[in-house]
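> Handing you this structure, nothing more for now.
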Amino acid sequence: MGRILAIDYGRKRCGVAVTDILQISANGLPTVRCCDLMQFLKDYCQKEQVDKILVGEPKDMHGNPSESMRYITPFIGRLRKEMPDMAIVMVDERFTSTIAHREMLAAGFRKSQRQEKGRTDEMAAVLILTEYLQSRRISLD
């Protein structure tokens, strides 16, 4: 069994999270610049067995693709081309950045910590992955 990796794709930075080998819990990885993401994924997948890559799918309040899809769609096309054997799944990411910010407040993060570039992106990726794992467990019950 391999890991599941999740990406919160942004315009400048991408939050990345990964499961443990048993696919039970999600942990954040360092935030990656968008221009470096493809190489990061290739390197990571060479070192670790990854079964699936989740990519956050931004939607508006009505469930329609948001404006952000115009730069996520080309990335996914490139990812499928560069890693043709990898399972790639789009996962609804509505409100993950907002929830990540609330979680940081609830956890007592100082303002300076909340403003660190990438911290919200990393937490959003963890939330995407955690929600995916939880939905998978519910479907197994």
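The values are calculated or read from the model by the stated rules, or taken from the named source; none is laboratory data. Everything quoted here is computed from the prediction, not taken from an experiment. Ideal geometry is used to build each Cβ from the backbone, glycine not excepted, and the neighbour counts take in all protein chains shown. When the accessible area is computed, the model is the full protein with side chains, heavy atoms only, and any ligands, DNA or RNA have been set aside. Shrake-Rupley method; radii C 1.70, N 1.55, O 1.52, S 1.80 Å.
> What is the number of the single condition among (1) among the aromatic types (Phe, Trp, Tyr); (2) buried (at least 16 other Cβ atoms within 10 Å of the Cβ); (3) at pLDDT below 95 that residue 40 does not meet?
Every listed condition holds for residue 40 apart from (3).
> Moving to a separate point now. List, please: which pairs have Cβ atoms under 7 Å, are six or more places apart or on different chains, and start with a residue in segment 117-141 that is more than 13 Å from residue 5 (Cα to Cα) and end with one that is open to solvent by 70 Å² or more (accessible area, probe 1.4 Å) and modelled with pLDDT of 85 or more?
From segment 117-141, the pairs are 117/13; 118/13; 121/13.
> Of the residues in segment 69-88, how many are in contact with a strand residue (DSSP E or B) (Cβ under 8 Å, 6 or more places away or on another chain) and open to solvent by less than 50 Å² (accessible area, probe 1.4 Å)?
The total comes to 9.
> So, one more: Filter segment 63-104 down to the residues that are touching a helix residue (DSSP H, G or I) at 6+ places or on another chain (Cβ under 7 Å), among the β-branched types (Val, Ile, Thr) and modelled with pLDDT of 75 or more, then identify the one that is farthest from residue 36 (Cα to Cα).
Out of the qualifying residues, it is 91.
> Return a yes/no flag: does segment 51-59 have any residue that is open to solvent by 30 Å² or more (accessible area, probe 1.4 Å) and not charged (D, E, K, R).
Step one: filter segment 51-59 for residues open to solvent by 30 Å² or more (accessible area, probe 1.4 Å), giving 51-52, 57, 59.
Cutting the leftovers down to not charged (D, E, K, R) gives us none.
No: segment 51-59 contains no residue that is open to solvent by 30 Å² or more (accessible area, probe 1.4 Å) and not charged (D, E, K, R).
> When the residues of segment 26-70 are filtered to those that are of a type in the set (A, V, I, L, M), free of Cβ contacts under 8 Å to residues at least 40 places away in the same chain and in a helix (DSSP H, G or I), which remaining residue is nearest to residue 14 (Cα to Cα)?
Step one: filter segment 26-70 for residues of a type in the set (A, V, I, L, M), giving 26, 29, 32, 37-38, 41, 50, 53-55, 61, 69.
Filter again for free of Cβ contacts under 8 Å to residues at least 40 places away in the same chain, leaving 32, 37, 61, 69.
Those left that are additionally in a helix (DSSP H, G or I): 37, 69.
On the way: 37: 7, 69: 14 Å.
Filtering first and then ranking leaves 37.
> Can you report the number of residues in segment 1-26 which are open to solvent by 40 Å² or more (accessible area, probe 1.4 Å), touching an Asp or Glu at 6+ places or on another chain (Cβ under 7 Å) and closer than 17 Å to residue 130 by Cβ?
Number satisfying all stated conditions: 1.
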